[in-house]
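The values are calculated or read from the model by the stated rules, or taken from the named source; none is laboratory data. Because the structure is predicted, anything quoted here is derived from the model rather than measured. Cβ coordinates were reconstructed from backbone atoms using ideal geometry, including for glycine residues, and neighbour counts include every protein chain displayed. Quick note on the areas: whole protein, heavy atoms, side chains included, nothing else; ligands and nucleic acids left out. Shrake-Rupley method; radii C 1.70, N 1.55, O 1.52, S 1.80 Å.
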Amino acid sequence: MIWPRIAQFILNNRLLLVAIIVVGTVFMGYQTTHVKLSYELAKILPVTDPEFQRYDAFKKRFGQDGSVMVVGVETDSMYQVGFFNQWYALSQRIKAIPGIKNVISNASLYDVVRDDTARKFRVVLLVPRPITTQNQLDSLRQRIGELPFYRGLVQDSAAAATGSGAHLMAITFDQKELNTKNRIAIVRRVEAVADSFGTAHNLRVRLSGMPYIRTEMTAKVSGELLLFLGLAFGVTSLILLYFFRSFTVMLAAALVVAIGVIWVTGYIVLFGYEITILIGLIPPIIIVIGIPNAIFLINRYQEELNRHAVITIIEKRNALLIAAEKVGETTFFANVTTSIGFFVFFFTASPLLLQFGLVAACGVMTTYAVSLVLIPIIFSYLPVPAPNHRAHLDRPFITRFLRWVDGIVRTRRTVIYGVIAVLTVVSALLALRIDAIGYVVDDLPDNDPIYQDLKWIESRFKGVMPFEVSIDTKQPGRVLTPQTLTKIRLLEREFASRAEFTRPLSLVEAIKFFYQGYRGGNAKYYALPGALELGKLGEYIPKPNATGSTGNSLASSYRSYLDSTQRYTRVSFQTPDLGTVRTNALIADLQPKIDSIFNIDRETGQRVAASEQYNLGITGSSVVFTKGNDYLLQNLAESTALAIILISVILIILLRDVRLSLIAIAPSVLPLIFTAGIMGLFDIHLKPSTILIFSIAFGISSDGTIYFITKYRDELRQGRAIAEAVSNTIRYTGLSMFYTAIILFAGFGIFTASTFQGTAALGILVSITLLMGMASNLILLPAFLLSVDKRRSVVRER
C-alpha cells in the first residue's frame, strides 16, 4: 500500500524534506513581499458575459463611471460672504490636489455667454475670484437659481429656495488614478482638507461617492486582513494549549499553519492576483483549517504511545509511522473534500470567485502536505510526550460525552431520526423566507460613517450610484441629429417619472444649457431647440476634434458623452443604493420602454428597419453589481451540487458501496438545510458574502464524514463487527472530531469581529454549520450505519 511507504519515506528523509520545505517557504516568502491590494471594482461577472462586455466597452469609450467623490455640508451660512469664501477656498485647495480633474460646487460653476463677434460661446466662471460684497453673493445665488442645468446638482431644493440646506461639492478624479494605489492618497488629502473645513466651522462634513466608498472599503479589507491573522493564530493557539497542555504541540501546529499562510500568500502573487475582500479571508481560513491536520496526527501519535507501558525509540518511531500512515490517508481525503468546497468556485468563471477558489484549494492541500511531513519529523526529534501531556486523551467529560453518543446511537435511533426530521422540515420552511438581495454598502453597519454619509447624500440629492444608458446609433455623425436628440429627450422624460433617479447628464442637457445662453440666459429657454434653431446653435458650439476634446473646460466634457465619430453617446443618472431587487425591477421596466422610444415608429407603431435601429443598453457599476449578484445566485445551486457530487465520488471510493456512500453524505448536507433555516429565521439575505457559506461549509463538514468513514473502514478491515466498529470509531475518532469542531467553531467565529456584516454573518453561519456538522457526523452517521447493518441482517435472515 502507498501510505505505509509514504510514512517510511517521511521519516527516512527528514533533513531532505525539511530542506525542501525551507527553500520553498523562503521562495514563497519572497513572493509575499510583492502582494498587492486590488483597487478596482470586484470582478464578479465572467469576461464572456454580455453585461460585462457592454460595461467594459462603455468604460473604454467614455471612461470609468463612478469617478466622482462628493463633499456635502448642511448649513444656513452658505450665502454669507465669509463662509462662502471659505467654501470657495476649499474647492480651490481640492482642485489643486494632483489627481483631481475638476471640482464643481456653487463656488466653481460656469455660465455660457453668446459672443456674436467671434460667433462662439464664451465659457465664464460665475466666481472667478473670492466674493467681496454681500450684493455680489446675492446676485450669484440668484443667477445659480436661473440655471436649471445645475438644479439639484450642487444644492438641494431647500438651499435653492432659502439658502439654508444641503450643499454639495462634486470632485472628479483623473481616470488614470482611479484604479491605482494613488487613489488612496488622493482621497486622504481630500478628506483631510474637508475635515479641516468642517472643524473650522463646527460642521459635520459628509463624504461619499464611489472613489471614497471604494477607498474606505479597501482600507478596511487591508486592516482586517492583519486583524484576522492575529485572531486566528491567537484563538487556535490558546485552544490547542488548553486541550493538549503543551507549548510544544501549540508551537508545532502554529509553525505548520504559518508556513501554509506564507505559501498561500505566495500563490496569490504567482497566479498574478491581488487581494480582494474574498482573497483577504484565505490566510486566516488556512490557519483555522490547517490546525485539524496537526490535531489528528498528534492525537493518533499519542494514542499509539499510550498502548505501551514502556516506550522505546522503536515504539516511538512505530507510533509516528502509524500516525503518518493512518491519519495521512484520512486527512488526505478530508483535505480533498475541503479543497473541493473551495475549488468548485473555479468553475463559476467569475474572476472574483475563480481566484478565491483556486488560491484557497491550493492553500488547503499545501498546508496538508506540510502538516503530514513536518509534524512526524518535528516529534521524531522531540522526546516522548510526558504522561500528563497525553492525559487529555482520557478527559472524563469528553469520555462521558462520547459514551453518551455511543449509547443513543445504539438505543435511540428512532428518536434521532424523529428529531432530525422535525428540524429538517422546520428549517426547509424557514429557508423559504430567505430573500436574495444585495446592496453596494449593505455589508457596513448602520452606524458606520460611510453608510450614514451615503444615506444623508441620498436623502438630499437622491444618490451617487451610477446608472447609465449607452446609446449606439450605428452610424457616424448620427448622435447630433435632431431625431436622435429628440429621442434622448423622451428617454430622459421616461426616467424623470421615477423618483429614484437624479436629473440626467447628457448631450441634450448640455445643448439646452447652450441654447439658454444663446437666447440671452433666460431660464425659459433651457429647452431642446427645433431643427432650425439647432442648426444656428451649432455654429456657436465648438466642435469636438479627433480626440473628443473641444479646447475649453466646460465643452471638453463632450468626450465623456460623445465619441470622436459622433456615433456613440450616453445618458448618465445616479440613484440611491437601491438593492438588487429594485434595480432589476427598474431595468426590466425601462429597457423595453427605451427600446420603444428609439426603435418603434411613433406614427405606424411598427419597428423601424434594422438599418435605422439603435443599440441600447442599461449599464454602470451599480447595474453590473446587480447582475453580478444575480450571477452568483445562479451559481450557488450549481457549485453546491457539484461539491456534493464530487465528495460523493470520494465516499464511494472509500466505502466501495454506492448506497452506503449516498447515505453517508446526508450528515454533511443536513447542516446546510439547518443553516438556511437560520438565515430565513433571522432575515439574513443571500448576497455575495453569504452565498459562499454553503459550498465552503459543506466541504469542511464533509471532513468529519471522511474522518469517521476511514476509521470505520479500518475497523472493519480488522475483522470487527459493524456495531463494534461503530463504537470504536466514535471512541477513537470522536475525540479528534470534537477538538476539530471547537477549533473550527472558534476559528471561523473570529470573522464576527469584521466591520463588514456579510463577513461577520459568514463567520457565524459557517461556525454554526460546522458545529452541527460535527454533531451530525458523530450521531446521525453512525446511526445510519447501524440501521443499514440491521436491515441487511434482517434481509439475510429471510
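If you filter region 707-724 down to residues that are free of Cβ contacts under 8 Å to residues at least 24 places away in the same chain and part of a helix (DSSP H, G or I), you find that the one that is nearest to Ser736 (Cα to Cα) is Glu715. Considering only residues in region 759-781 that are more than 19 Å from Ser736 (Cβ to Cβ) and free of Cβ contacts under 8 Å to residues at least 60 places away in the same chain, the one that is most open to solvent (accessible area, probe 1.4 Å) turns out to be Ile764.
If the requirement is being surrounded by fewer than 19 Cβ atoms within 10 Å (Cβ to Cβ), assigned to a loop (DSSP other than H, G, I, E, B) and aliphatic (A, V, I, L, M), which of these qualifies: Leu203, Leu251, Leu226, Leu238? The unique qualifying residue is Leu203.
Does Val73 meet the test of being open to solvent by less than 40 Å² (accessible area, probe 1.4 Å), in contact with a His (Cβ under 7 Å, 6 or more places away or on another chain) and touching a residue at least 24 places away in the same chain (Cβ under 8 Å)? Spelling it out, Val73 is indeed open to solvent by less than 40 Å² (accessible area, probe 1.4 Å), in contact with a His (Cβ under 7 Å, 6 or more places away or on another chain) and touching a residue at least 24 places away in the same chain (Cβ under 8 Å). Of everything listed in (1) part of a helix (DSSP H, G or I); (2) surrounded by fewer than 20 Cβ atoms within 10 Å (Cβ to Cβ); (3) modelled with pLDDT under 90, the single unmet condition for Ile322 is (3). Sort out which residues of region 499-508 are open to solvent by 30 Å² or more (accessible area, probe 1.4 Å) and either among the β-branched types (Val, Ile, Thr) or assigned to a loop (DSSP other than H, G, I, E, B) (or both), and write them in order of number. Once the filter is applied, which keeps residues that are open to solvent by 30 Å² or more (accessible area, probe 1.4 Å) and either among the β-branched types (Val, Ile, Thr) or assigned to a loop (DSSP other than H, G, I, E, B) (or both), region 499-508 yields Ala499, Glu500, Arg503.
The number of residues in region 36-70 being open to solvent by less than 30 Å² (accessible area, probe 1.4 Å) and among the small types (Gly, Ala, Ser) comes to 4.
So in region 342-375, with the set limited to residues that are without any contact (Cβ under 8 Å) to a residue 24 or more places away in the chain and of a type outside the set (A, V, I, L, M), which one is farthest from Ile6 (Cα to Cα)?
Ranking the qualifying residues of region 342-375, first place goes to Phe346.
Quick one: is Lys101 outside any helix (DSSP H, G or I) and either open to solvent by 80 Å² or more (accessible area, probe 1.4 Å) or in contact (Cβ under 8 Å) with a residue 60 or more places away in the chain (or both)? For Lys101, the condition - outside any helix (DSSP H, G or I) and either open to solvent by 80 Å² or more (accessible area, probe 1.4 Å) or in contact (Cβ under 8 Å) with a residue 60 or more places away in the chain (or both) - is met.
All conditions in (1) within 30 Å of Gly749 (Cα to Cα); (2) at pLDDT 90 or above; (3) open to solvent by 40 Å² or more (accessible area, probe 1.4 Å) hold for Asp195, with the sole exception of (1). Of the residues making up region 255-275, just one is surrounded by fewer than 19 Cβ atoms within 10 Å (Cβ to Cβ) and within 30 Å of Asp394 (Cβ to Cβ), namely Leu255.
No other residue among Gly530, Gly538, Gly520, Gly551 is under 25 Å from Gln155 (Cβ atoms) and either modelled with pLDDT under 95 or open to solvent by less than 30 Å² (accessible area, probe 1.4 Å) (or both) apart from Gly520. Note on region 286-319: residues that are part of a helix (DSSP H, G or I) and open to solvent by 10 Å² or more (accessible area, probe 1.4 Å) amount to 12. Being of a type in the set (Val, Ile, Thr), closer than 21 Å to Asp115 by Cα, part of a loop (DSSP other than H, G, I, E, B) and touching a helix residue (DSSP H, G or I) at 6+ places or on another chain (Cβ under 8 Å) holds for only one residue in Ile511, Ile541, and it is Ile541. Within region 1-32, being among the hydroxyl-bearing types (Ser, Thr, Tyr) and either in contact with a Cys (Cβ under 7 Å, 6 or more places away or on another chain) or open to solvent by less than 100 Å² (accessible area, probe 1.4 Å) (or both) holds for Thr25, Thr32.
Condition check: open to solvent by 10 Å² or more (accessible area, probe 1.4 Å), in a helix (DSSP H, G or I) and touching a Lys or Arg at 6+ places or on another chain (Cβ under 7 Å). Does Val221 satisfy that? Judged against the criteria, Val221 is not a match. It is to be established whether one or more residues within region 403-418 are hydroxyl-bearing (Ser, Thr, Tyr) and either surrounded by 15 or more Cβ atoms within 10 Å (Cβ to Cβ) or closer than 20 Å to Pro671 by Cβ (or both). Looking through region 403-418, at least one residue is hydroxyl-bearing (Ser, Thr, Tyr) and either surrounded by 15 or more Cβ atoms within 10 Å (Cβ to Cβ) or closer than 20 Å to Pro671 by Cβ (or both). Evaluated against (1) among the hydrophobic types (A, V, I, L, M, F, W, C); (2) crowded, with 20+ Cβ neighbours inside 10 Å; (3) in a strand (DSSP E or B), Ile94 falls short on exactly one condition, (3). Within this structure, Thr172 passes the test of being touching a Ser or Thr at 6+ places or on another chain (Cβ under 8 Å) and either more than 30 Å from Lys60 (Cβ to Cβ) or buried (at least 18 other Cβ atoms within 10 Å of the Cβ) (or both). The residue list Arg720, Arg731, Arg713 contains one member that is under 18 Å from Ile650 (Cβ atoms) and open to solvent by 20 Å² or more (accessible area, probe 1.4 Å), which is Arg713.
For Phe347, state whether it is at pLDDT below 90 and open to solvent by 10 Å² or more (accessible area, probe 1.4 Å). The answer is yes for Phe347.
Set side by side, the residues Gly463, Gly477 differ, and just one is among the small types (Gly, Ala, Ser) and farther than 30 Å from Val581 by Cβ, which is Gly477. Six or more apart or on different chains, Cβ under 6 Å: which pairs go from a residue in region 417-438 that's of a type in the set (Ser, Thr, Tyr) to one that's open to solvent by 50 Å² or more (accessible area, probe 1.4 Å)? Could you list them? Filtered contacts from region 417-438: Thr424/Ile673; Ser427/Ile673. Picking from residues in region 114-168 that are out of contact with any Phe, Trp or Tyr (no Cβ under 8 Å at 6 or more places or on another chain) and assigned to a strand (DSSP E or B), the one that is most open to solvent (accessible area, probe 1.4 Å) is Arg122. Which residues, counting only those in region 460-478, are open to solvent by less than 10 Å² (accessible area, probe 1.4 Å) and in contact with a Phe, Trp or Tyr (Cβ under 7 Å, 6 or more places away or on another chain)? Result: Phe467, Glu468, Ile471, Thr473. Residues in region 595-610: is at least one modelled with pLDDT of 90 or more and in a strand (DSSP E or B)? Yes, that holds for at least one residue.
Listed here are the residues, each with its yes/no results for (1) farther than 29 Å from Pro351 by Cα; (2) in contact (Cβ under 8 Å) with a residue 12 or more places away in the chain; (3) open to solvent by less than 20 Å² (accessible area, probe 1.4 Å).
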| position | (1), (2), (3) |
| --- | --- |
| Val649 | no, no, no |
| Val658 | yes, no, no |
| Ile663 | yes, yes, no |
| Pro667 | yes, yes, yes |
| Ile684 | no, yes, no |
| Phe698 | no, yes, yes |
| Ser702 | no, yes, yes |
